[in-house]
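As structure tokens, the structure follows; a few thoughts come after it.
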Amino acid sequence: MDDNHENRLRDIALDIKLNSKTPLSTGQQNQNLRKHIFDTDSLVVDISRNYLNSNIFRDLIKLATKLKINKSIEDLFTNKYISTTESKKVSHIYLRNKQNLNKTLEKNIKLYEDIIKGKLRSKTSEKFAYIIYVGIGGSLIGPKILSESLKDYHTKSFKCFYVSSADYSEIDDALKNCELDKTLFIFASKSFTTKEVLMNLSHIKSKYIPKKSLKDVMKSNFLAITANANNAKKEGFASSKIISFSKNIPGRFSLTSPISLPVLFEIGKKNYLNFFKGINQMDNHVRASNYKNNIPLILALISIWNINFLDKKVLSICPYNFRLRNIVDHLQQQEMESNGKSFDKEGKRIYFSTSPIVFGQRGSECQHSFFQMIHQGAADLSIDFIGVIDKNIPEASKFLLSNMIAQADLCFSGKKNKPAYKTINHGTPNNIILMKDLSPKSMGMLLSLYEHKFFLEGLLWNINSFDQWGVEQGKILAKKIQSSLNKKLKDTDSLVSVVRNFFN
């Protein structure tokens, strides 16, 4: 990293913070940035409401150049990128390139067609009409939000329920809406040791499946999606009903693996393939574009500028569309689990901020909630607005987009009012990502854009975006505590003993 570039950025950032410099208007920004709106096939990205001008943008690009980001991008695409703390390759991008992807899609689509045509049926020879999909974290959030986003493309051939909670009320509630003889159960876990998944599996076996027919039911009505087929077999899954994927695919980036299978059942073959076209189109953009036109890289650099120079360490994501209402859950996990790190790739402690705290809510509900804090509170943050052009409901779409743009303008430019207590804060930087429609292809592009942004942030911070040792340690400790809850021990002055006493 060139100290001159970094020091220049720090000086500019300090000047902005000390002098509470009024943000440039959109018109002024347009004069200073050669390009502030990036238009792709399905997305429009507007970065004009940021503390950016041509000099700042140039220095940010030079940071990426000095770090040789392009080499790491190429390594990711050619299956040469290594998760150093895990000593394994990171293969999700490589395995969704055309040749490898076709193999995965062919298997998924063949299974889908065999089931929809009735070649594969339930134990009682019924055609499947319901799907219970059980997973958690990366095995569930991605498929669930994709399903919700593309509800207008559901074929209604299957009614699908997504279950993650170890509280059995969720699975019980879902099964109240299903006919068991027509239900296909899909259990997704990369390791197939995930406790929440196995608890739901055990609950279904014991409560809903007669013991004498369990083996036959599992052969016909149960599928496993995993990177560890042996563990699935130990749980009673037939080899022919285990769908495997590579251990080198990180769980939170596994949506383009067989993890997306339930969405195929909901939206059908054509729409499913169009989703992957969108994924591939954004992948190709990242690989082929120069730094000044690489949209995920530009968003990553803006993120570093906001977090590490302007001290805006919170990111709010606000999708102005009902179908996208839970996309924040997916993006929150990908960002915070990937980049919530305080050690670099060489294992050295770092003393600067990495992942922002990510939260959000759909618009325009967010305006009636935390936007008061943004407009007049003391918190420093940045915002990603996501809008959708919906020509099927033009008046509603125009209303939502008008509100979104108004909020984006007001957050950045502020407004002086009299009396003073009516004054609106200025200087909340934000990006607008506008989807030209809410289609399988545009969703593929949007989700791929954010995946690449989070990876590129990790490169800029020199951290490993693909491990999650904090998550793993939490599981270990929970297992120890649960074990102690099942033992008769002398009372101690702790919450664990209080909880234990309720069960004894």
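The values are calculated or read from the model by the stated rules, or taken from the named source; none is laboratory data. Values in this document were obtained by computation on a predicted structure and should not be read as measured data. Methodologically, a virtual Cβ is constructed for each residue, glycine included, from the backbone with ideal geometry; neighbour enumeration extends over all protein chains shown. Calculation scope for accessible area: heavy atoms of the full protein, side chains included, ligands and nucleic acids excluded. Shrake-Rupley method; radii C 1.70, N 1.55, O 1.52, S 1.80 Å.
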TODO: Go through Leu214, Leu184, Leu175, Leu146 for me and flag whichever is under 25 Å from the mean Cα position of the chain (by Cα) and among the aliphatic types (A, V, I, L, M).
DONE: Leu146
Open item on the list: Among the residues in segment 20-28, are any at pLDDT 90 or above and either open to solvent by 70 Å² or more (accessible area, probe 1.4 Å) or over 29 Å from Asn464 (Cα atoms) (or both)?
Closed with: no
Open item on the list: If I filter segment 450-496 down to residues being of a type in the set (A, V, I, L, M) and closer than 21 Å to Pro356 by Cβ, which single residue comes out as modelled with the lowest pLDDT?
Closed with: Val471
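Going by what's in this entry, would Lys159 be described as of a type in the set (Lys, Arg), in contact with a Phe, Trp or Tyr (Cβ under 7 Å, 6 or more places away or on another chain), open to solvent by 60 Å² or more (accessible area, probe 1.4 Å) and without any contact (Cβ under 8 Å) to a residue 40 or more places away in the chain?
Taking the combined requirement at face value, the residue satisfies it.
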- [ ] Could you check segment 128-246 for strands (runs of 3 or more DSSP E) lying wholly inside it with 3 or more residues that are at pLDDT 95 or above, under 20 Å from Pro258 (Cα atoms) and not small (Gly, Ala, Ser)?
- [x] 130-134, 159-163, 183-188, 222-226
Open item on the list: I'd like the full set of residues that are crowded, with 21+ Cβ neighbours inside 10 Å and small (Gly, Ala, Ser), limited to segment 325-382.
Closed with: Ser338, Ser355, Gly360, Gly363, Ser382
Open item on the list: Testing Asn230 on (1) of a type outside the set (D, E, K, R); (2) touching a residue at least 60 places away in the same chain (Cβ under 8 Å); (3) open to solvent by 50 Å² or more (accessible area, probe 1.4 Å), one condition comes back false. Which one is that?
Closed with: (2)
Open item on the list: Show me the helices (runs of 4 or more DSSP H) entirely contained within segment 418-504 in which 1 or more residues are buried (at least 22 other Cβ atoms within 10 Å of the Cβ) and over 18 Å from the mean Cα position of the chain (by Cα).
Closed with: 440-461
Open item on the list: Looking at segment 329-341 only, could you name the residues that are among the aliphatic types (A, V, I, L, M) and under 13 Å from Leu447 (Cβ atoms)?
Closed with: Leu331
TODO: Please identify the pairs in which a residue from segment 53-82 that is without any contact (Cβ under 8 Å) to a residue 24 or more places away in the chain and under 20 Å from Ile37 (Cα atoms) has its Cβ atom under 7 Å from the Cβ atom of a residue that is open to solvent by 40 Å² or more (accessible area, probe 1.4 Å) and in a helix (DSSP H, G or I), counting only partners at least 6 apart or on another chain.
DONE: Ser54/Asn32
Open item on the list: If I ask for residues that are touching a strand residue (DSSP E or B) at 6+ places or on another chain (Cβ under 8 Å) and over 26 Å from Cys160 (Cβ atoms), which ones from segment 245-300 would you list?
Closed with: Lys247, Asn248, Asn293, Ile295, Ile298, Leu299
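Which of the residues belonging to segment 389-401 are of a type in the set (S, T, N, Q) and either part of a loop (DSSP other than H, G, I, E, B) or open to solvent by 50 Å² or more (accessible area, probe 1.4 Å) (or both)?
Within segment 389-401, the first condition is being of a type in the set (S, T, N, Q), and the residues that meet it are 392, 397.
Correct list: Asn392 only.
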Open item on the list: Can you report the number of residues in segment 350-388 which are out of contact with any strand residue (DSSP E or B) (no Cβ under 6 Å at 6 or more places or on another chain) and over 19 Å from Tyr450 (Cβ atoms)?
Closed with: 19
TODO: Report, ordered by the first and then the second residue, all pairs with beta carbons closer than 9 Å, sequence separation of six or more or different chains, a first member in segment 322-342 that is without any contact (Cβ under 8 Å) to a residue 24 or more places away in the chain, and a second member that is surrounded by fewer than 17 Cβ atoms within 10 Å (Cβ to Cβ) and not in a loop (DSSP other than H, G, I, E, B).
DONE: Met336/Ile357; Ser342/Arg349
Task: segment 77-127 - residue that is touching a strand residue (DSSP E or B) at 6+ places or on another chain (Cβ under 9 Å) and part of a helix (DSSP H, G or I) and, of those, nearest to Ser157 (Cα to Cα) - done: Ile115
